[in-house]
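Working notes, structure below.
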Amino acid sequence: MYFINKTLLYLFLIILTVSYSFALTDAEIEGLIGKMSLNEKIGQLFIVGTGGRQVGPVPKAHISKRYVGGIILYEKNISVPEQVAALTTELQLLAQKTPKGIPLFIAIDQEGGKVSRFQRGTTIFPGNMALGATQSEPLALKAGKITGIELNVMGINLNLAPVLDVNTNPKNPAIGIRSYGESPQLVSQLGAAYIRGLQTQDVLATAKHFPGHGDANADSYKKLPLVTKDQKSLNKVELLPFRKAIDSGVAAIMTAHILYPGLDNQMPATLSHTILTKLLREELGFEGIIITDDLEMKAISEKYEIDKAAVMAIQAGADMLLIPWTLQKQQTAYNAVRQAVRTRRITTTRLDNSLRRILKAKNACGAFDKTIAHIENPQAINSPLALVGSREHRETAQTISTQAVSIVKETPGILPLDAEPKESVLILSPSRDFSNTFLKAHTDLTHVTALLMPPLIITRQYIPHILSSKPKVIVAGIASLKHAQLVHQLSRNTDVPIIAISVASPYLLGECPNVECAIAAYDNNYFSLLAAVEVLLGKKQATGKLPVTIPYQLKN
């Protein structure tokens, strides 16, 4: 049972054998546009979210009554690959039954690292900054290709990735390790490679967040960020990866909810005609689809009601509106855009231009010429779903994680640790996964103790507890600012050598500058934890190069 009756799975397979569609020519796309009603055209401009892991009345209404162009999946929609394949199949079957039978974009944010909607059953790559540390275009290409393979067989054809923001602000609360690094050249190279890999598998890539979120000092989910750079400065850094992505044929670009006074001192990028049309369309020559970031974020919603924001975004040059959470807002925005077309605030020509780009993108990823169902017998060895999370794919994720590990600071004589230590080693762990990975790598645990850091840390009381076992070496995992601050205070209260391993942002290592050794692992998934432990024990060499500058000097 995969949240859908097996009989229904085989029914889908029967439908598969009789249900065909074919790639469209440009003339056929024009003919299709000419036959579409106003409601059908407007619906194609929307990507909406929906609740649950099965197709309920809300997505049915979105597809059959509002003819939406896409559905976005989040963790709440996802269990295992078989369930996702069943869900996407049923969604596409509903779309096929609409008067024009236009297939859906089924979208997801599968960046890797901390923004990974799949949590089990698939290959979860470390985030972009780990790839940045490898400095390897072939690995970025392979990560994109494998992600594309796995998404494709589950029926997902639009990935809202990669992040092409150049993380020049160490205190950026929204991007950080989601970025490849602080070098625009590195971000450009790896981003373009990932895009090429992803799109070879008929999964469209989305470069985000245009014109650049890397220097922002606020999170768009909470407030409207401000970036004060002028266009000359933006051209040198922020815009470079987007230019490269466009040259590489990226299918979509997502807008940033950020105010850039150097480009437009009135409107955030998502609502700016100057930024979306004059800069992105006309100056940079982008011909693909422009997708807004989530219009329910506070960066937009605190100042603009959803009806106004939706119309303004299309007037600015956006092709598709992402409204993932609230049904009432989705309906309100749909009605507002329809009214704007009827009153000619959005012209028919403008509407058709967006529609043309959307249909061409769907055509380009094979949505029109694919048979509907991906589901055969999901447990069969030769099922396409057997590719998802395969050993070969996991080995690539492990390779990336291993090549990413970076020695940020090293005091001679401390590394590597002995797998059979003769003196007391304390593992100060941010999670059970961290300590378990370390413990499993040891052949003798006689002198190894693991201590899990509590959620609430009172440093002055906790440090004596840490030192009570009289360790000779402390290995401290860091996954948050509080962890880093604890390790810093610990380093000031003991002469015991401390090895700090960041399993999150490497910037955290700057908060504990007095440790004897500092290692950046970039992620807390299994592959990255194992890679860090293998470096710690001398089983693998740390070859990663830190792709950002840590603002505080790590003292020797």
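Nothing in this text is a laboratory measurement; each read-out follows from the coordinates by a stated rule. Just so you know, these numbers come straight off a predicted model, no measurement behind them. Ideal geometry is used to build each Cβ from the backbone, glycine not excepted, and the neighbour counts take in all protein chains shown.
Dipole size of the chain about its Cα centre, with +1 on Lys/Arg Cβ and -1 on Asp/Glu Cβ: approximately 1040 debye, rounded to the nearest 20. The gain in end-to-end length when the HIS273 to ASP26 segment is fully stretched comes to 86.2 nm, 0.36 nm per residue minus the alpha carbon separation. Shown for ARG196, ARG243: other C-beta atoms within 10 Å of each C-beta, ranked fewest to most, produce the order ARG243, ARG196. At an R0 of 41 angstrom, the distance between the Cβ atoms of ASN353 and SER64 translates into a FRET efficiency of 0.95. Note on region 174-301: Cα-only Rg and Dmax are 13.7, 40 Å. Region 21-384: percent of C-alpha pairs farther apart than 32 Å? For region 21-384, the share of Cα pairs beyond 32 Å comes to 26 percent. Between GLN54 and THR326, the simple spin-label model (points 7 angstrom out along Cα→Cβ) gives 2.9 nm. Between GLN231 and ASN493, full extension at 0.36 nm per residue minus the direct alpha carbon distance yields a gain of 89.5 nm. If one computes P(r) from the Cα atoms of region 481-556, what percent of pairs lie at distances over 16 Å? Looking at region 481-556, the distances longer than 16 Å represent 49 percent of pairs. Here's the picture: charge each Lys and Arg Cβ at +1 and each Asp and Glu Cβ at -1 in region 405-536, and of LEU439, ALA521, LEU481 the one pushed furthest to the positive end of that dipole is LEU481. Are any of the pairs LYS303/LYS360; LYS229/LYS303; LYS244/LYS360; LYS114/LYS545; LYS76/LYS303; LYS76/LYS229 more than 31 Å apart by Cα-Cα distance, and if so, which? Where the Cα-Cα span goes over 31 Å, the pairs concerned are LYS303/LYS360; LYS76/LYS229. Rg then Dmax, both in Å and based on the Cα atoms of region 405-508: 13.0, 34.
Calculated FRET efficiency, LYS472 to ALA441, Cβ-Cβ distance, R0 = 22 Å: about 0.75 to the nearest 0.05. Spatial offset of region 264-322 relative to region 481-556 amounts to 40 Å, using the alpha carbon center of each. Of the residues ALA161, PHE125, ILE102, the one whose Cα sits farthest towards the positive end of the charge dipole of region 85-172 is ILE102 (charges of +1 on Lys and Arg Cβ, -1 on Asp and Glu Cβ, taken about the Cα centre). Just want to confirm a number: the relative contact order over the chain, from Cα pairs under 8 angstrom separated by 6+ residues, in percent. Answer for the chain is 16 percent. Our compactness index for region 115-191, the C-alpha radius of gyration over the empirical 2.2 N^0.38 Å, is 1.12.
Protection proxy ranking of 466-473, 183-190, by the mean of other Cβ atoms within 10 Å over each peptide's residues and highest first, is 183-190, 466-473.
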